[in-house]
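Read the structure below first, then the notes.
The values are calculated or read from the model by the stated rules, or taken from the named source; none is laboratory data. Just so you know, these numbers come straight off a predicted model, no measurement behind them. Don't worry about glycine lacking a Cβ; one is built from the backbone with ideal geometry, like all the others, and counts go over all protein chains shown.
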C-alpha cells in the first residue's frame, strides 16, 4: 500500500496560485527595476522548488524509482503519467533554471524578463490540475 502525504502535497499545491499571481503581476507591470528582477527570480525559483517538491512527494508516496536529479523528478512523474506529455518539456526547461538561479546567480540577466515567465503561469496551473487529478484517480477522495 502507498503512503502519500496528502497534507504535504496539498500545502505545496496551494502555493501555485500565488506564484502564478506574482508572475502575472510582474508581466503586466514589468519595468526592469532591480526589485522586479529579484521578484521574478524568486517567483521562478519558487515554481521550480514547488514542482520538484511535489514530484518528490509523489515519487516517495507511490514508491516510484529514485530520482537522481531535478530533471529526473520531472521525467519520472511524466513517465508515470502524472501530467500530460505536453507539460514535460516546459517543466524540464523550468527545473533546468535551478542551477543558474541558485549557483550562478551572479550571471543571471536581471534587467530583462525571462522568457519562461510568459508560459509559466499556465504551465503551473496545468501541473496543479494534473497532480490533483492523478491523486484523485490513484487514491480516491
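Looking at (1) without any contact (Cβ under 8 Å) to a residue 60 or more places away in the chain; (2) closer than 25 Å to residue 5 by Cβ, which is the only condition residue 100 fails?
Every condition holds for residue 100 apart from (2).
Can we say residue 113 is in contact with a helix residue (DSSP H, G or I) (Cβ under 6 Å, 6 or more places away or on another chain), surrounded by 14 or more Cβ atoms within 10 Å (Cβ to Cβ) and more than 21 Å from residue 8 (Cα to Cα)? Walk me through how you get there before you give the answer.
Working: in contact with a helix residue (DSSP H, G or I) (Cβ under 6 Å, 6 or more places away or on another chain): no; surrounded by 14 or more Cβ atoms within 10 Å (Cβ to Cβ): yes; more than 21 Å from residue 8 (Cα to Cα): yes.
Judged against the criteria, residue 113 is not a match.
Looking at 40, 81, can you tell me which residue is at pLDDT 95 or above and either touching a strand residue (DSSP E or B) at 6+ places or on another chain (Cβ under 6 Å) or at positive phi (or both)? Write out each step before concluding.
Details: 40 fails: either touching a strand residue (DSSP E or B) at 6+ places or on another chain (Cβ under 6 Å) or at positive phi (or both).
The match here is 81.
Exactly one condition in (1) modelled with pLDDT of 95 or more; (2) surrounded by fewer than 19 Cβ atoms within 10 Å (Cβ to Cβ); (3) more than 23 Å from residue 17 (Cβ to Cβ) is false for residue 66; which is it?
It fails just one condition, (1).
Kindly provide the set of residues from segment 12-26 that are surrounded by fewer than 16 Cβ atoms within 10 Å (Cβ to Cβ) and not in a helix (DSSP H, G or I), ordered by number. Please lay out each step first, then the result.
Our first condition is that a residue be surrounded by fewer than 16 Cβ atoms within 10 Å (Cβ to Cβ); within segment 12-26, this holds for 14, 17-18, 21, 24-25.
Once the filter is applied, which keeps residues that are surrounded by fewer than 16 Cβ atoms within 10 Å (Cβ to Cβ) and not in a helix (DSSP H, G or I), segment 12-26 yields only 14.
Could you list, ordered by first residue, the pairs with Cβ atoms under 7 Å in which the first is in segment 1-21 and touching a residue at least 40 places away in the same chain (Cβ under 8 Å) and the second is not in a helix (DSSP H, G or I), at least 6 apart or interchain?
What qualifies is 2/62; 2/63; 4/62.
Check off (1) modelled with pLDDT of 95 or more; (2) within 18 Å of residue 38 (Cα to Cα); (3) loosely packed, with under 15 Cβ neighbours inside 10 Å for residue 122 and give me the number that stays unchecked.
The one condition residue 122 does not meet is (2).
Which of the residues that make up segment 27-49 are part of a helix (DSSP H, G or I), touching a residue at least 12 places away in the same chain (Cβ under 8 Å) and either out of contact with any helix residue (DSSP H, G or I) (no Cβ under 9 Å at 6 or more places or on another chain) or buried (at least 19 other Cβ atoms within 10 Å of the Cβ) (or both)?
Hits for segment 27-49 are 34, 37, 38, 40, 43, 44, 47, 48.
Can you pull out every residue in segment 50-100 that is in a helix (DSSP H, G or I), farther than 16 Å from residue 129 by Cα and over 14 Å from the mean Cα position of the chain (by Cα)?
Hits for segment 50-100 are 59, 60, 61, 76, 79, 99, 100.
How about segment 106-121: which of its residues are in a helix (DSSP H, G or I) and either in contact with a strand residue (DSSP E or B) (Cβ under 6 Å, 6 or more places away or on another chain) or farther than 14 Å from residue 43 by Cα (or both)?
Taking segment 106-121 as the starting set, the residues that turn out to be in a helix (DSSP H, G or I) are 106-107, 116-121.
Selection gives 106, 107.
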